[in-house]
Amino acid sequence: KSFIRVNNLKKEYKMGDVVVEALKGASFEIEEGEFVVILGPSGSGKSTLLNLIGGMDSPSEGSIMLSHKNVTKLSEKKLTSYRRDEVGFVFQFYNLMANLTAKENVELATEICKNPLPINDVMKSVNLLDRIDHFPSQMSGGEQQRVAIARAVAKNPKLLLCDEPTGALDFNTGISILSLLSDVNKKYNKTVMVITHNSGIAKMANRVIKMRSGIIIDNYINDKPVSPE
Ligand code: ADP
Ligand code: ADP
């Protein structure tokens with residue numbers, strides 16, 4: 001049975017009289033441990049899809065099953081623990097606390113969650129042991145993003161959701177962040193979903209989902225199209 005099952009997922013945003021159909025019925029399945037890249041131009045619905053899977057917003061229609069959980073049917077209270085314990089988020093602009101060191105940023109995230117990983121091990125895995133006492137302003141963009149990845153991984157969720165994690169970085173630093181996420185995927189057996197509009201980066205994934213105007217136009221596993229059921 002699949003780890004994630006997304007079925008006929010739709011999302012409309014209403015702004016006064018204007019309705020934006022950000023997702024028009026997305027369906028796919030992901031196995032545990034996959035490294036998934038979501039590709040598509042700006043406005044194609046990538047963030048909407050990731051936010052729905054992460055329980056940050058609710059769909060207009062359709063369902064998301066994660067393991068045995070129907071994410072779209074969780075109460076507010078269960079959603080809060082779902083976001084805290086079961087998914088890790090990585091954002092384009094790192095979202096680190098400026099007044100905390102690298103290590104403190106990671107500690108803060110793990111304090112309230114159920115079964116965190118040892119922080120020093122995670123800092124070592126992201127190659128930041130020599131930066132643990134640095135503040136965000138003392139680190140490069142690539143290093144700040146590695147802290148953000150450590151923060152997400154240390155919570156020990158099964159799923160990492162990364163929204164344009166390389167969007168604020170130069171190409172080579174972006175590649176190193178993607179390769180770090182690939183290491184995390186293998187070493188900790190985390191399922192990783194990464195949004196990017198950079199098709200060069202998609203080469204590192206075993207799964208590529210392509211979106212256009214709120215629709216999934218391609219779904220490939222190791223360069224072979226997934227056949228619709
Ligand atoms: P992507 O991540 O591929 O750039 P998004 O999911 O952010 O795409 O956006 C998909 C569409 O939904 C766009 O047309 C965008 O303007 C619209 N949209 C996204 N979020 C909101 C929102 N909170 N309110 C209204 N419209 C939104
Ligand atoms: P990365 O490959 O992670 O982007 P860089 O090559 O940009 O790293 O930076 C090399 C080193 O210079 C980093 O280890 C960092 O300590 C330092 N550095 C880079 N950018 C900044 C910055 N904006 N402020 C302070 N230190 C920085």
Candidate set from the range 209-218 (those that are crowded, with 20+ Cβ neighbours inside 10 Å and in a strand (DSSP E or B)); member that is farthest from ligand 2 (Cβ to nearest atom): 216
So which residues in the range 1-38 are of a type in the set (Ser, Thr, Tyr) and surrounded by 15 or more Cβ atoms within 10 Å (Cβ to Cβ)? 27
Where residue 52 falls short, out of the listed (1) touching a helix residue (DSSP H, G or I) at 6+ places or on another chain (Cβ under 7 Å); (2) more than 21 Å from residue 199 (Cα to Cα): (1)
Per-region count, the range 122-137, residues over 23 Å from residue 82 (Cα atoms) and away from ligand 2 (no atom under 12 Å from the Cβ): 6
Taking the stated definitions as given, is residue 153 away from ligand 2 (no atom under 16 Å from the Cβ), touching a Gly at 6+ places or on another chain (Cβ under 8 Å) and among the β-branched types (Val, Ile, Thr)? yes
Residues of the range 1-33 satisfying the condition of being under 14 Å from residue 64 (Cα atoms) and of a type in the set (Gly, Ala, Ser): 2, 25, 26, 27
In the range 72-102, the residues that are under 30 Å from residue 19 (Cβ atoms) and within 16 Å of ligand 2 (Cβ to nearest atom): 92, 93
Residue satisfying condition, being over 18 Å from residue 180 (Cα atoms) and within 20 Å of the chain's Cα centre (by Cα), within set 105, 99: 105
Do we have residue 181 as within 16 Å of residue 36 (Cβ to Cβ) and surrounded by 16 or more Cβ atoms within 10 Å (Cβ to Cβ) here? yes
Go over the candidates 114, 124, 73, 158 one by one and state the one that is within 18 Å of the chain's Cα centre (by Cα) and among the basic types (Lys, Arg). 158
Of the conditions (1) within 16 Å of ligand 1 (Cβ to nearest atom); (2) under 26 Å from residue 81 (Cα atoms), the single one that residue 105 does not satisfy is (1)
Please enumerate the residues belonging to the range 74-118 that are surrounded by 18 or more Cβ atoms within 10 Å (Cβ to Cβ) and more than 17 Å from residue 56 (Cβ to Cβ). 94, 96, 101, 102, 103, 105, 106, 110, 116
Could you tell me whether residue 159 is modelled with pLDDT of 90 or more, closer than 16 Å to residue 117 by Cβ and away from ligand 2 (no atom under 16 Å from the Cβ)? yes
Residue 140, sole failed condition from (1) more than 11 Å from ligand 2 (Cβ to nearest atom); (2) farther than 28 Å from residue 52 by Cα; (3) small (Gly, Ala, Ser): (1)
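The values are calculated or read from the model by the stated rules, or taken from the named source; none is laboratory data. Not measured: the values here are computed from a predicted model. When we count neighbours, we look across all protein chains shown, and the Cβ atoms used for this are built from the backbone with ideal geometry, even at glycine.
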